[in-house]
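The values are calculated or read from the model by the stated rules, or taken from the named source; none is laboratory data. The shown structure was predicted, so the numbers you read here are calculated from the model rather than taken from an experiment. Here the Cβ is made from the backbone with ideal geometry for all residues, glycine too, and neighbour counts use every protein chain on show. These accessible areas exclude ligands, DNA and RNA; they are computed on the full protein's heavy atoms, side chains included. Shrake-Rupley method; radii C 1.70, N 1.55, O 1.52, S 1.80 Å.
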Amino acid sequence: MNAVLHTFFSPFNFRVALPNVWAGFQVNLKLMVVAEILVLILALAIAVVRGLPGRGAAPFRALAIVYTDFFRGTPLILVAFLVGFGFPALSLGFISTRSNFTYGVVALTLVYTAYVTEVYRAGIESVHPSQRMAARSLGLSYWQSMRHVVLPQAVRRVVPPLLNDFIGLQKDTALVTVIGVGEAAYQAQAYSQNYANFTSYVVAAVFFVLLTIPLARFTDHLILHRERRERAAAT
Amino acid sequence: MSFVSVQNISKCFGENQVLTDVCLDVDEHNVVCLIGASGSGKSTLLRCLNLLEKVDQGEISVDGQLLTNGKVDVNALRRKIGIVFQAYNLFPHMTVLENVTLAPRKARGMSGGAARERAYELLRRIGLEDKADDFPDRLSGGQQQRVAIVRALAMEPKLMLLDEITSALDPQLVSEVLNLVRELAESGMTMILATHEMSFAREVADKVCFLDAGRILEEGPPAQIFSDPREPRTRAFLSRVIEAGRL
């Protein structure tokens, strides 16, 4: 018992590891924010492309499908290796000379954009066709109908599943430690190797949990709120 | 040529022939009512008129413009033709005012101020000015449908298509919507209505067309259609309507 307490929950090690792990966690926060913003924008664009009508758009639709299929099916850690070690090996000037942080953002964005594209797509498809028809019949163009009528309703509906994916993304920022991004897990590992104590990992875990809990509660709140509203509208 | 001219149009949905050889002429400032059982093609005919559906054969022209040669600017055409649906189809994420001003601002390039002014004027006309900032789900069905009509009117259309606009309403809410349509008719709006409100059709229509299985079986002035229909099928349809107490 004492061994467990000492190995994982040593107050002394907690205090000593804290500053370094906190510094690392700030890198996680940056990874999250940058990746989340990119994911929100790119996923929306790809979801819209997937829904384009007409035969002319078929190649674009196909491309979007291939992209989402591939990156939803590939483990993030493999994408991180491919980007973080593969891109520098290409010796391709700009692409090959970015920082590990940038490669981390790229890997996270590639994978999570694929997930979030599907979330958006479900939202777009959940908007009743009569809404689009009403917009078009008023003389609005395809894009105007999309922009002002379909997407605002679609995005509103998918906020809870979107936030769930973001909780996943926040935790997965720790995975890019494998390509040498100096984030919380990286710092925790460095500490544990130097001092033969694993409390530093618990410190990192505490940071992640403290960040995730409010977001999870907020998501629950949104879902509950929506259910209440829908029940009220149905009566 | 008539304001709306439909010549020998046909339309299939897969195997299902919904319109067969339909001809229809509507003069400016006239009101035409399409009657007939559900599935007889009334809604499809209306949707063909603003190109929500493409016809397989035949020609349609509105206001001297041929619609069926594939060269027409669909969006420009729809700005001239308002359509109102059975299910209102208001935009639930926008207030009443935003519903009414969206198309004038985006499709006609009106300034926000001018569009709002016009919307308030229209809402005042239907007595819903105080609902301008409410969302549609706060309104009764009759109020929502009147807003839908006003939303179409805000584009200053030359032709209004009304597709069974009272069919989804509670009976006590029907009259407020019909009163608005009556006002429109009196103001000289050219309108084509698909409707099950026979007494209303009799009152406002200049011409009534009876559709049966995708054909216009009989057309004429309302007095003749309702009192002295020639076709046995028209007679059978109307007697069923009378039985149901709807005429």
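Residues being touching a residue at least 60 places away in the same chain (Cβ under 8 Å), out of contact with any Asp or Glu (no Cβ under 7 Å at 6 or more places or on another chain) and over 29 Å from residue A:145 (Cα atoms) are entirely absent from the stretch B:66-89.
Set side by side, the residues B:90, B:66 differ, and just one is within 14 Å of chain A (Cβ to nearest Cβ) and under 21 Å from the mean Cα position of the chain (by Cα), which is B:90. If you go through the stretch B:9-38 and keep only what is touching a residue at least 12 places away in the same chain (Cβ under 8 Å), within 19 Å of the chain's Cα centre (by Cα) and within 21 Å of residue B:237 (Cβ to Cβ), you end up with B:18, B:19, B:22, B:23, B:24, B:31, B:32, B:33, B:34, B:35, B:36, B:37. Any residue at all in the stretch B:76-86 that is over 15 Å from the mean Cα position of the chain (by Cα), under 21 Å from residue A:141 (Cβ atoms) and open to solvent by 10 Å² or more (accessible area, probe 1.4 Å)? Yes, some residue in the stretch B:76-86 is over 15 Å from the mean Cα position of the chain (by Cα), under 21 Å from residue A:141 (Cβ atoms) and open to solvent by 10 Å² or more (accessible area, probe 1.4 Å).
Here's the yes/no breakdown for (1) surrounded by fewer than 19 Cβ atoms within 10 Å (Cβ to Cβ); (2) under 24 Å from the mean Cα position of the chain (by Cα); (3) modelled with pLDDT of 95 or more:
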site	(1), (2), (3)
A:3	yes, no, no
A:10	yes, no, no
A:24	no, yes, no
A:35	no, yes, yes
A:46	no, yes, yes
A:60	yes, yes, yes
A:78	yes, yes, yes
A:86	yes, yes, no
A:93	yes, no, no
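Selection over the stretch B:144-168 of residues that are open to solvent by less than 40 Å² (accessible area, probe 1.4 Å) and not in a strand (DSSP E or B) gives a count of 16. When A:175, A:222, A:210 are checked against the criterion of being away from chain B (no Cβ under 14 Å), part of a helix (DSSP H, G or I) and modelled with pLDDT under 90, a single residue qualifies: A:222.
Note on the stretch A:120-153: among residues that are within 8 Å of chain B (Cβ to nearest Cβ) and within 22 Å of the chain's Cα centre (by Cα), the one that is surrounded by the fewest Cβ atoms within 10 Å (Cβ to Cβ) is A:152.
The residues of the stretch B:1-17 that are part of a strand (DSSP E or B) and surrounded by fewer than 21 Cβ atoms within 10 Å (Cβ to Cβ), listed by number, are B:5, B:7, B:8, B:10, B:12, B:13, B:16, B:17. Inside the stretch B:94-119, residues that are without any contact (Cβ under 8 Å) to a residue 12 or more places away in the chain, more than 9 Å from every other protein chain (Cβ to nearest Cβ) and basic (Lys, Arg) make up a count of 1.
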